[in-house]
Amino acid sequence: MVKLNLLLLMIAIACAMGVVTSQHKARKLFVDLQQEQSRARQMEVEWGQLQLEQSTWAMHARIEKIASSYLHMRVPDPVKIQVVPLLAPVRGVAP
């Protein structure tokens, strides 16, 4: 009977250790998940800021100002502008 009680005690201790280990792993994984979610939120904020910055850099008024002041570009006279019509591609003819 004593051997059976010792065997059952060992099994109970092993089960308890298994529960403690699995709970520890679950908590560690949960902390890792929260850290990754926080990182994902920070990256979303940074992505939004980068999109805003890109739209600011690509504003037509800014580009026109740089073209005229730094590059000394100007709009050509309307008489010198030529419009090239877009032709529909012909089937069977490689470009």
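The values are calculated or read from the model by the stated rules, or taken from the named source; none is laboratory data. What you are looking at is a predicted structure, and each value in this text was computed from that prediction instead of being measured. Every residue, glycine among them, receives a Cβ derived from its backbone with ideal geometry; neighbour counts consider all protein chains shown.
Annotations
- Tallying residues that are of a type in the set (Gly, Ala, Ser) and either at positive phi or surrounded by 10 or more Cβ atoms within 10 Å (Cβ to Cβ) (or both) within segment 42-80 yields 3.
- Residue in segment 13-27 that is assigned to a helix (DSSP H, G or I), surrounded by 10 or more Cβ atoms within 10 Å (Cβ to Cβ), at pLDDT 90 or above and among the charged types (D, E, K, R) present: yes
- Selection within segment 28-68 - outside any helix (DSSP H, G or I) and at pLDDT 95 or above: none
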